[in-house]
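Asks: One structure coming up, written as structure tokens, with questions to follow.
None of the figures in this text is laboratory data; all of them are computed from the coordinates on show. In this text, all values refer to a predicted model and were calculated from it rather than measured experimentally. Because the Cβ atoms are built from the backbone with ideal geometry, glycine has one as well, and the counts that use them run over all protein chains shown.
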Amino acid sequence: MYKVCRSCSKRFDVDPRVPDQRFCSNTDCQNERRRLWLKKKRSTDPDYKGNQAEAQKAWVQKNPAYWQGYREKNPDYVSRNRASQKKRNAIRKDRQTQPGVAKNDELTNQSVLSSGFLRIPVCIDGIAKIDAILVRIDVISEPKPRKGDGDESCKESTL
């Protein structure tokens, strides 16, 4: 029996021991199958995801100098990564300098403001770090109603 591979779209013979086979035996297709399985497993199984994160953390603690050694042995990787990071920084900077749209009439007499906590990421030289600052925001005053917001006694109102 033949099926079409979900990765390369080529026809392949189904292994009789695996009647629900969807990928051919090509190495790239098998890698794709494993990658998709892992992605699904991490998104649907919180225990598996947590165990993977713990194992990764333990490995990093056991091999603290790995990335430093890798970068020393692979200077092409370092220069390629540095160039890519400069491009990402330029795109991010361009997005930050583009003017946004400001509205004068955004707030109405139905308040959309509320007190609460806000997590602000730390950014050094345009690169966001893992650390964050937690701030509390309290609303001190509500916006004043404007003309057309139900208060017709007001001739003119500004915020």
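Asks: For region 73-87, take each phi angle, set θ = phi - 60°, evaluate the Karplus expression 6.51 cos²θ - 1.76 cosθ + 1.60, and give the result in whole Hz per residue in order, putting x for glycine and proline.
Replies: Karplus-based 3J(HN,Hα) across region 73-87 equals 7, 10, x, 5, 4, 4, 5, 5, 5, 5, 5, 5, 5, 4, 5 Hz.
Asks: Could I ask something else about it? Net charge around Pro19, counting only other residues with Cβ within less than 15 Å of its Cβ (Lys, Arg = +1; Asp, Glu = -1)? Walk me through the intermediate numbers first.
Replies: Values: positive: Lys3, Arg17, Arg22; negative: Asp13, Asp15, Asp20.
My count for the surroundings of Pro19 gives 0.
Asks: Okay, next question. Given a Förster distance of 35 Å, report the FRET efficiency between Lys57 and Val14 from their Cβ-Cβ distance, rounded to the nearest 0.05. Walk me through the intermediate numbers first.
Replies: Numbers: r = 41 Å, r/R0 = 1.16.
Plugging the Cβ-Cβ distance into 1/(1 + (r/R0)^6) gives 0.30.
Asks: Same structure again: Would you mind checking the pairs Lys41/Lys86; Lys3/Lys41; Lys39/Lys87; Lys57/Lys93; Lys40/Lys93 and listing those with alpha carbons more than 30 angstrom apart? Could you put the intermediate results ahead of the total?
Replies: Details: Lys41/Lys86 34 Å; Lys3/Lys41 25 Å; Lys39/Lys87 28 Å; Lys57/Lys93 32 Å; Lys40/Lys93 34 Å.
With Cα atoms farther than 30 Å apart: Lys41/Lys86; Lys57/Lys93; Lys40/Lys93.
Asks: Once label points are set 7 Å from the Cα along Cα→Cβ at both Asn26 and Lys3, what is their separation, rounded to one decimal in nm?
Replies: 1.6
Asks: Something else about it: Against the globular-protein guess of 2.2 N^0.38 Å, express the Cα radius of gyration of region 1-62 as a ratio, rounded to two decimals. Each step should come with its number before you reach the end.
Replies: Details: Rg = 15.8 Å, N = 62, 2.2 N^0.38 = 10.6 Å.
For region 1-62, the normalised Cα radius of gyration comes out at 1.50.
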